[in-house]
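What follows is a single structure, written as structure tokens, with notes after it.
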Amino acid sequence: MTPVLAKTIGLLILSNVFMTFAWYAHLKELNTRPWLVAVFASWAVAFFEYLIQVPANRLGYTELSLGQLKILQEVITLSVFVPFAFYYMKQPLKLDYLWAAFCLAGAVYFVFRK
């Protein structure tokens, strides 16, 4: 793995943590507050996500195609979302996550093959 790819993956993981919280944590933490409060709280969290995600994509695009960068992002998204759903949101683990991972593995194969 190249240093650029390692940095890109690390930054995308971190940005995904922020974005997952921006998109879904308000469902647990702010569910009794007006939706506009949730919007502004989510935007505040998403701001930090963009401060990480934009440089990650710019760096990754120096070695990866746009399609490869997108599929990498989707794999990372699922890898961050499943623990978030289980540990933070207290959702049950479902076999569907495994099937989704297999589908993404197929996408990785097709977009990264030579």
Original post:
Do we find that Tyr87 is over 21 Å from Lys7 (Cβ atoms) and modelled with pLDDT of 95 or more in this structure?
Top reply: yes
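Conditions (1) touching a residue at least 12 places away in the same chain (Cβ under 8 Å); (2) of a type in the set (Gly, Ala, Ser), marked per residue:
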residue	(1), (2)
Ala56	yes, yes
Gln68	yes, no
Ile71	yes, no
Phe81	yes, no
Lys90	no, no
Leu93	no, no
Ala100	yes, yes
Original post:
In this structure, does Val39 turn out to be in a helix (DSSP H, G or I), over 30 Å from Arg113 (Cβ atoms) and free of Cβ contacts under 8 Å to residues at least 12 places away in the same chain?
Top reply: yes
**OP:** Residue by residue through region 1-21, note down the ones that are outside any loop (DSSP other than H, G, I, E, B), under 18 Å from Ser79 (Cβ atoms) and without any contact (Cβ under 8 Å) to a residue 60 or more places away in the chain.
**Re:** Leu5, Ala6, Lys7, Gly10, Leu11, Leu14, Ser15, Phe18, Met19
Original post:
Which residue, of Tyr97, Tyr24, is more than 30 Å from Thr2 (Cβ to Cβ), assigned to a helix (DSSP H, G or I) and not acidic (Asp, Glu)?
Top reply: Tyr24
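The values are calculated or read from the model by the stated rules, or taken from the named source; none is laboratory data. Quick caveat: nothing in here was measured; it's all calculated off a predicted structure. We place every Cβ from the backbone using ideal geometry, glycine too, and count neighbours over all the protein chains shown.
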